[in-house]
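Below: the structure, in structure tokens.
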């Protein structure tokens with residue numbers, strides 16, 4: 001079966017765009033894993049919280065898209081810190097598994113809080129619907145280009161933060177070796193709070209990007225969560241550059257799968273990718289730890 | 001009213017089987033299975049297809065479900081046994097989603113979203129519905145007792161001690177010469193088998209299954225049941241399951257009384273309460289109602 | 001509107017209960033006359049059908065209220081017991097068990113999702129409880145329900161047959177289907193492939209998508225690659241909203257057609273006109289001229305009634321009239337045996353339960369014509385025929401095109 005090149009080109013393009021948007025919450029997930037050492041499944045509900053915060057700012061408040069992104073970052077980040085302090089931190093002494101279960105319960109509660117306030121109906125942001133740009137046989141939407149820019153800016157900011165600021169370096173120190181970091185006088189709890197704020201803030205930004213591109217409802221976060229996990233695992237849990245590479249890989253893989261699989265199976269791709277990675281190269285593409 | 005109570009007790013027995021299965025891997029061996037609804041559904045479809053399409057007798061269908069689901073569980077565990085529990089958590093979450101997708105889309109096999117109806121039940125159609133319900137409750141209860149007995153034996157056996165050692169610290173267990181991987185895979189397989197049996201029984205009880213039945217929320221109900229009843233304790237699993245069904249049905253009667261809320265908000269409240277209950281228990285009494293009482297070691 | 005529904009439900013129950021209490025304190029004429037008639041409603045108040053359930057329930061509560069105010073059915077008040085099926089078979093089965101065993105209802109009315117109906121049906125026919133549904137999947141009436149099931153929604157065979165006829169009349173040549181993963185996705189496509197060639201058209205492909213996704217770029221790409229001049233959107237409101245946006249963004253200029261329950265007034269309101277203009281919709285024609293429809297529209301506060309609320313209005317009316325015809329015995333078997341006596345035939349045409357009850361009390365024969373259509377049933381429980389109304393979206397509103 002010969003596949004036309006332009007079809008593949010379109011799928012790869014779609015995949016790269018989707019992957020960049022996926023990278024933002026994936027970075028958040030993997031950062032919490034690196035610093036706090038447990039998979040925080042409540043990321044799903046923070047994506048939803050960010051999506052709705054952005055919606056309120058944009059549809060109700062009439063603010064432009066970039067302002068909605070900032071609002072989402074702050075609101076989701078704050079929610080992340082508060083829920084971690086109140087709900088997850090007291091569970092940490094009981095072990096990573098208990099905390100992970102607690103995170104699942106937390107995500108259910110938060111999702112239903114959103115449902116309580118907003119109901120189940122789909123909501124769309126107030127944005128003009130513009131036609132796609134076409135070159136040759138590929139097309140891309142202006143909104144997607146905007147989302148790409150936002151995602152890239154967010155990622156660059158994260159990298160810069162970690163590489164150049166004192167707090168960022170402290171985070172990397174705690175991630176590498178918490179005992180050593182403690183000896184050097186770094187306050188692990190403060191780092192944990194900041195990590196939660198940033199990571200969940202990124203999750204919220206991911207939610208807004210979804211909302212800008214499509215529509216949102218209380219299940220928005222839950223739908224992308226498997227792809228987010230896949231991105232983080234494929235890239236290597238705990239590695240932020242890994243999350244970006246993993247996200248792009250998953251994004252493109254999900255699109256290319258359409259060449260042979262029914263579209264309904266797209267989420268299965270993430271699952272298969274995780275299985276493959278864990279069987280062949282458990283530490284992921286760029287990860288260091290797999291124990 | 002009696003028929004209703006009998007039906008709810010039957011559902012509680014099926015939930016109890018799920019909780020017992022979860023207890024084997026989580027409570028006793030420290031491995032998490034967040035996709036237990038996928039194994040539940042897998043077992044249900046195997047038995048439904050075997051009896052409805054293949055014409056096999058019900059017992060054969062249930063046994064086939066037991067075996068095939070156990071195999072699926074073994075494969076899952078083989079891939080992830082070497083790794084941290086977090087990876088198992090992620091993989092099992094994904095597994096249940098894939099089962100749902102396959103069930104929805106492979107119409108030639110599973111009838112897709114239309115589901116499989118007319119699944120035979122023991123003596124269904126030859127006795128009154130009330131009698132059928134009573135018979136089935138008896139069957140379910142017997143299975144629960146059997147599984148409970150088997151798992152209690154495991155708990156008190158040297159095998160159970162090894163599992164607990166692995167749960168508490170698998171590196172120490174490995175050093176002590178125990179083949180950790182083998183134990184983990186076996187435990188996971190047996191647990192998956194139990195989940196598959198629960199699924200098969202469900203299919204034969206309700207006579208209809210569809211992908212929509214097997215939602216992740218069910219996994220959370222079972223996790224709640226086990227945590228509330230007592231992780232590590234098999235009786236706790238059973239008690240917890242009955243508590244959860246009581247809770248789920250109880251909120252139905254209560255929410256009829258809550259004023260001023262729309263239907264969606266009531267539903268959000270009910271679901272949110274499940275999450276809150278789990279968190280409260282994890283926080284205040286993580287060992288559950290019936291804490292694990294370690295069997296005394298002969299001195 | 002949801003809050004109002006909850007109040008209405010409690011008020012109705014209280015009113016019903018008070019009336020029942022009052023009725024039981026009257027001197028009895030024959031033992032069972034004064035006991036309330038117990039009926040159950042099982043609708044999707046949450047879950048993917050959650051946008052329809054509340055108004056379905058409200059329609060039934062309203063009919064019960066009207067009937068009670070006019071004296072009930074042969075002196076007996078109507079008491080409704082309402083549950084949420086959560087658009088999911090597992091809680092639906094538990095809710096049905098409660099309605100049947102605890103509330104002892106004679107009928108369960110208004111199940112929406114096909115999987116819910118298929119799961120609940122065996123419980124109903126085994127306990128001789130009558131089930132009325134709006135589910136459209138063909139297999140439902142093929143279940144061995146022994147007459148304890150009727151549905152007011154045209155089945156896929158009927159609906160898509162008429163859709164095919166309409167498309168042929170528009171002289172389109174190449175039809176592509178974008179369908180959500182539901183029980184009617186594949187049967188619809190098959191039926192279209194049967195009908196279209198008779199008019200010189202053909203189906204050029206179809207894509208079945210998971211309706212819970214929020215992006216469909218690649219599905220749209222696949223559709224456009226087949227170069228259709230008509231795209232059939234066979235899904236629900238949330239996914240159709242996204243698809244229409246995507247088709248616009250992708251620069252598709254051909255025609256679109258969808259089911260009226262998906263592309264409805266709400267959808268038109270949420271999208272700019274340039275995205276929706278020209279889209280055709282197919283709706284089982286509520287008898288818009290019937291007084292029943294008009295009264296219901298006023299009660300539910302909208303001119304554009306969804307077909308499910310109309311059908312539920314008819315469900316409870318049919319059930320109550322059947323009970324009256326069966327001399328007030330409120331059991332599922334009575335309803336099963338008498339429903340076709342009042343739903344079709346040569347009697348006086350009535351469009352409301354109140355009117356019908358009055359005529360029945362005078363010994364006359366009636367033929368109930370509902371707000372959702374003529375409501376005449378085959379032996380297997382399907383409706384005999386139903387007119388499908390075709391409209392087109394123009395400037396954010398629907399304009400009538402044809403009735404087939």
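Laid out as a table, the results:
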{"quantity": "Value of [θ]222 nm, deg cm²/dmol, for chain C, DSSP H segments ≥ 4, -39500 (n - 2.57) each, nearest 500", "calculated": "-13000 deg cm²/dmol"}
{"quantity": "Most mobile listed residue (C:392, C:79, C:222) in chain C, GNM with C-alpha springs under 10 Å", "calculated": "C:222"}
{"quantity": "Relative contact order (%) - criterion: Cα under 8 Å, at least six apart; region: region A:195-255", "calculated": "20 percent"}
{"quantity": "Length-normalised contact order for chain A - Cα pairs under 8 Å, 6+ apart - percent", "calculated": "35 percent"}
{"quantity": "Alpha-carbon centroids, region C:98-141 and region A:159-210: separation in whole Å", "calculated": "55 Å"}
{"quantity": "For residues of A:9-15, the mean tally of beta carbons on other chains within 10 Å", "calculated": "2"}
{"quantity": "Principal-axis tilt of helix C:53-69 within chain C, Cα atoms, nearest 10 degrees", "calculated": "30 degrees"}
{"quantity": "Relative contact order [Cα under 8 Å, 6+ residues apart], region B:2-214, whole percent", "calculated": "45 percent"}
{"quantity": "GNM result for chain B, Cα springs below 10 Å: residue of B:223, B:280, B:238 fluctuating most strongly", "calculated": "B:280"}
{"quantity": "Extension reserve of the residue A:187-residue A:9 stretch, reckoned as 0.36 nm per residue once the Cα distance is removed", "calculated": "59.2 nm"}
{"quantity": "Kirkwood Rh in Å, taken over chain C so that all alpha-carbon pairs contribute", "calculated": "21.8 Å"}
{"quantity": "Cα gyration tensor shape of the protein assembly as shown, rounded if a/c is under 1.5, else prolate or oblate by comparing a/b with b/c", "calculated": "oblate"}
{"quantity": "Fraction of antiparallel bridges per DSSP, the protein assembly as shown only, in percent to nearest 5", "calculated": "35 percent"}
{"quantity": "For B:53, C:97, B:164, A:37, order by how many other beta-carbon atoms lie within 10 Å, fewest first", "calculated": "B:53, A:37, B:164, C:97"}
{"quantity": "Rounded Å value of the spacing that divides the Cα centres of region C:343-387 and region B:232-250", "calculated": "49 Å"}
{"quantity": "Helix-only [θ]222 nm of chain A, DSSP H runs n ≥ 4, -39500 (n - 2.57) each, per residue, nearest 500", "calculated": "-23500 deg cm²/dmol"}
{"quantity": "Pairwise FRET efficiency - residue A:60 versus residue B:138, Cβ, R0 = 51 Å, nearest 0.05", "calculated": "0.35"}
{"quantity": "Calculated [θ] (222 nm, deg cm²/dmol) that DSSP helices of n ≥ 4 give over chain B, each run adding -39,500 (n - 2.57)", "calculated": "-24500 deg cm²/dmol"}
{"quantity": "Gaussian network model of chain B, Cα within-10 Å springs - most flexible of B:285, B:167, B:155", "calculated": "B:285"}
{"quantity": "Model label zone, residue C:331; criterion: amide N under 14 Å from point 7 Å along Cα-to-beta-carbon; scope region C:111-141", "calculated": "C:126-130"}
{"quantity": "Acute angle (nearest 10 degrees) that the helix A:43-55 long axis makes with the longest principal axis of chain A, alpha-carbon atoms", "calculated": "60 degrees"}
{"quantity": "For region A:226-291: rounded, prolate or oblate by the Cα gyration tensor [a/c cutoff 1.5]", "calculated": "prolate"}
{"quantity": "Cα-based shape type of region B:82-153, given that a ≥ b ≥ c are square roots of the gyration tensor eigenvalues and the cut on a/c is 1.5", "calculated": "oblate"}
{"quantity": "Gap separating the Cα centres of region C:183-223 and region B:23-86, nearest whole Å", "calculated": "35 Å"}
{"quantity": "Helix C:291-300 vs. chain C, principal-axis angle (Cα, 0 to 90°, nearest 10)", "calculated": "80 degrees"}
{"quantity": "Fraction in percent of alpha-carbon pairs per bin - 5 Å, chain A", "calculated": "1, 6, 12, 17, 19, 17, 13, 8, 4, 2, 1, 0, 0"}
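Values in this text are rule-based calculations from the coordinates and carry no lab data. Remember, it's a predicted structure, so these values are computed and weren't measured experimentally. For neighbour counting, all protein chains shown are included, and Cβ atoms are generated from backbone atoms with ideal geometry for every residue, glycine included.
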